[in-house]
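The values are calculated or read from the model by the stated rules, or taken from the named source; none is laboratory data. The structure presented is a predicted model; accordingly, all values stated were derived computationally and were not measured. Neighbour counts run over all protein chains shown; Cβ positions are idealised from the backbone, glycine included.
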Amino acid sequence: MRRAGKSKSSLAIQRLVLPHFTAPGKMIIASFDLGGTVGFACGGSDFPPWCGSHELPLTGDDVGAYLAAFDDWLYEMLAYKYIDLIAFEAPIIRPGKTSLITARKLIGLSGHLEFIAHRRGIQCREMLIQNIKKHLSGHGNATKTEMIYAAARLGMPGLDEHAADAFGGWLLALKSHAPEEWRQFIDRHKMDELTG
């Protein structure tokens with residue numbers, strides 16, 4: 001359970017593998033599944049991307065504190081990395097179901113991510129969750145379990161639902177912006193049937 005004012009991540013441990021997460025000349029993509037728990041996938045196509053998730057603090061109605069916590073984590077997440085493209089899942093706002101505060105937080109996360117990308121001169125792409133699900137699992141209504149399983153089939157076992165979605169976004173962005181690298185990644189995992 002998350003605590004108010006606190007955020008959790010194993011970033012310090014994960015950073016140890018970063019010097020090896022891609023080779024020169026490969027497109028480096030950072031993909032995000034934005035929400036109370038942020039899923040992320042970052043890297044080039046020659047190695048499995050660095051994936052994980054990060055819980056943002058519970059801030060109640062304080063949207064500013066929520067975005068500040070995201071910004072602090074994002075700064076560390078993107079530090080010392082040469083990112084060519086940032087991709088993220090479009091926020092899902094359900095009329096009559098999503099509260100105003102939740103909607104402000106979700107839209108605020110995506111807007112802040114686009115702002116950071118613009119300031120750093122990084123391409124930024126928003127993607128629909130249905131397209132991410134279809135590309136990774138084969139159909140646009142995939143369950144959380146199906147997304148986790150599909151990621152594992154591509155050499156990414158042990159991901160939670162947020163990281164699996166971020167990995168799906170990373171894979172779709174790779175296919176759209178570097179199709180040859182996408183094909184090489186798929187071929188290495190003998191997944192030629194994945195063409196969605």
Practice prompt. Would you mind stating whether Ile83 is closer than 18 Å to Met127 by Cα, touching a residue at least 12 places away in the same chain (Cβ under 8 Å) and more than 15 Å from the chain's Cα centre (by Cα)?
Written response: no
Discussion item. Suppose we keep only residues that are more than 18 Å from the chain's Cα centre (by Cα) and of a type in the set (A, V, I, L, M, F, W, C) within the range 31-66. Which one would you say is nearest to Asp187 (Cα to Cα)?
Written reply: Leu58
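Matching residues to (1) within 18 Å of Asp71 (Cα to Cα); (2) of a type in the set (A, V, I, L, M, F, W, C); (3) modelled with pLDDT under 95:
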residue: Pro95; (1), (2), (3): no, no, yes
residue: Arg120; (1), (2), (3): yes, no, yes
residue: Gly138; (1), (2), (3): no, no, yes
residue: Ala164; (1), (2), (3): no, yes, no
Worksheet entry | Among the residues listed as Ala142, Ala87, the single one being crowded, with 19+ Cβ neighbours inside 10 Å, closer than 19 Å to Lys175 by Cα and not basic (Lys, Arg) | Ala87
Discussion item. Looking at the structure I just gave you, is Lys81 under 20 Å from Ile29 (Cβ atoms), basic (Lys, Arg) and buried (at least 22 other Cβ atoms within 10 Å of the Cβ)?
Written reply: no
Worksheet item: Residue check, His20 against (1) modelled with pLDDT under 95; (2) touching a Cys at 6+ places or on another chain (Cβ under 8 Å); (3) not hydrophobic (A, V, I, L, M, F, W, C), all met but one. Which one?
Response: (2)
Worksheet item: Considering Tyr82, Tyr75, which residue is closer than 22 Å to His177 by Cα and not in a strand (DSSP E or B)?
Response: Tyr82
Worksheet, complete the sentence: Of (1) part of a helix (DSSP H, G or I); (2) farther than 16 Å from Thr37 by Cα; (3) charged (D, E, K, R), Glu126 satisfies every one except (1)
Practice prompt. Return yes or no: is Leu154 more than 26 Å from Leu58 (Cβ to Cβ) and crowded, with 17+ Cβ neighbours inside 10 Å?
Written response: yes
Item to complete: Those residues that are surrounded by fewer than 18 Cβ atoms within 10 Å (Cβ to Cβ) and hydrophobic (A, V, I, L, M, F, W, C), I need them from the range 31-72; list them, please.
Response: Phe47, Leu58, Val63, Ala65, Ala68
Item to complete: With respect to Phe185, determine if the residue is within 13 Å of the chain's Cα centre (by Cα) and aromatic (Phe, Trp, Tyr).
Response: no
Discussion item. Looking at the range 97-130 only, could you name the residues that are free of Cβ contacts under 8 Å to residues at least 60 places away in the same chain and of a type in the set (S, T, N, Q)?
Written reply: Thr98, Ser99, Thr102, Gln123, Gln130
Worksheet item: Of the residues that make up the range 155-162, is at least one among the charged types (D, E, K, R), closer than 12 Å to Ala87 by Cβ and in contact with a strand residue (DSSP E or B) (Cβ under 6 Å, 6 or more places away or on another chain)?
Response: no
